[in-house]
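The values are calculated or read from the model by the stated rules, or taken from the named source; none is laboratory data. Keep in mind that what you see is a predicted model, and the values were worked out from it rather than measured. Glycine gets a Cβ as well: all are built from the backbone with ideal geometry, and neighbour counts include every protein chain shown.
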Amino acid sequence: MKPILIIAEIFDGHIRPITWELAAAARKIKLEQPLKQIFPTIHIIVPAEAPMPLAEEISTKTGMDVIGLQIPGLKVYTSDVYIHCLGRLIKKMNPSHILAAHTSQGRDFAPGLAIELNAASISGITGIRSDEDGLIYSRPVFDNTQNMIIRPAPNRTVMLTLMPGVFKPDIRKTEKPGRVDIHKISFGTESCDKRRIQHQKILKKPCENQALKGAKVIVAAGRGFGKKENLEPVFNFANCFSSSAVGASRPLVDMGWIGYEHQVGITGAMVAPELYIACGISGSSQHLAGMKDAEIVISINKNPVAPIFRHSDLCITEDVLEFIQAFLKLSDTIKSA
């Protein structure tokens with residue numbers, strides 16, 4: 001029986017939470033297997049210079065078997081080391097599936113690893129299911145307005161990257177941790193200075209999104225505002241609520257309309273307010289992952305089929321600027337009454 005492999009996401013010596021979501025996805029794949037392929041084993045691979053402590057933590061929290069891939073000199077992640085060392089290990093295991101996170105790290109090494117293994121590669125997975133012909137996967141396309149259904153070729157290893165926020169993290173309190181094995185693999189015979197990719201340093205944004213993380217109400221702006229000059233009403237709108245903050249989708253930050261400290265999503269802040277008001281936001285999977293823990297979501301968008309409406313408690317189909325201006329006018333009227 002071919003195993004299912006998970007590449008744990010390790011950053012700065014710590015296990016990133018997406019690893020627990022990958023464990024949940026692996027269990028989903030295992031349950032969806034046809035009867036003739038029942039009970040494939042799941043192994044989590046931990047690439048690190050000293051993987052034992054991380055491997056033991058993962059085996060305890062998941063109950064899964066863990067392979068600590070000890071790579072001397074791997075102080076920080078680089079794609080060529082991952083592809084070379086993971087490739088050598090995985091070729092011997094001949095898995096049915098390899099799961100990695102659809103993060104900056106996973107998106108960096110997964111395609112190259114798929115080539116190294118001659119595996120099928122499907123990125124940004126948001127759905128896993130099966131039918132009488134086997135497993136099928138879905139991923140968002142056309143600016144997240146449609147889902148593409150993909151069925152990989154049979155009997156071929158499949159490299160998947162999983163979009164964060166899709167599966168509920170799978171952390172189990174178990175009295176029986178999984179088995180931990182350590183495999184030592186060096187990066188060829190080349191010295192570090194001959195590697196194709198050299199790590200220099202990690203640059204962190206100065207802002208830590210503290211206003212967003214502590215807010216009970218977040219009013220978030222998207223491209224529906226049309227231009228930078230139209231954003232001022234968002235701040236006035238947010239001021240109508242106590243303990244509020246202004247958020248934004250990544251395109252607004254990339255275009256320089258608003259600062260990074262307002263960005264919500266995988267590459268911004270992961271927030272969990274009591275109320276999240278999405279204004280002119282279409283609802284990319286990256287943004288949805290950042291606000292999925294909000295208690296109540298209200299969306300304002302003139303597009304009646306905007307993807308974010310499928311994740312909202314209240315949907316308002318209106319031009320966002322007209323709605324906010326009408327709301328502010330009504331608010332002023334009530335205050336002056």
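Here are a few things to note about the model shown:
- Screening LYS30 against (1) charged (D, E, K, R); (2) touching a residue at least 40 places away in the same chain (Cβ under 8 Å); (3) buried (at least 16 other Cβ atoms within 10 Å of the Cβ) leaves a single unmet condition, (2).
- Subset of region 250-264 (residues that are among the charged types (D, E, K, R) and surrounded by 18 or more Cβ atoms within 10 Å (Cβ to Cβ)): ARG250, GLU261
- Of all the listed residues (SER59, SER79, SER96, SER104), the sole one being of a type in the set (Ser, Thr, Tyr), touching an Asp or Glu at 6+ places or on another chain (Cβ under 8 Å) and under 25 Å from ARG139 (Cα atoms) is SER79.
Okay, residues lined up against (1) surrounded by fewer than 20 Cβ atoms within 10 Å (Cβ to Cβ); (2) part of a loop (DSSP other than H, G, I, E, B); (3) touching an Asp or Glu at 6+ places or on another chain (Cβ under 6 Å):
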residue: PHE241; (1), (2), (3): yes, yes, no
residue: THR267; (1), (2), (3): yes, yes, no
residue: ILE277; (1), (2), (3): no, no, no
residue: ILE281; (1), (2), (3): no, yes, no
residue: ASP293; (1), (2), (3): yes, yes, no
residue: PHE327; (1), (2), (3): yes, no, no
residue: SER331; (1), (2), (3): yes, no, no
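- Qualifying residue in region 199-215 (condition: out of contact with any strand residue (DSSP E or B) (no Cβ under 6 Å at 6 or more places or on another chain), aliphatic (A, V, I, L, M) and either outside the structural domain of ILE90 (by TED's automatic domain parsing) or modelled with pLDDT of 75 or more (or both)): yes
- Members of region 177-196 found to be modelled with pLDDT under 75 and assigned to a loop (DSSP other than H, G, I, E, B), listed by number: GLY188, THR189, GLU190, SER191, ARG195, ARG196
- Filter result (over 15 Å from the mean Cα position of the chain (by Cα), assigned to a helix (DSSP H, G or I) and not aliphatic (A, V, I, L, M)) within region 243-265: PRO251, ASP254, TYR260, GLU261, HIS262
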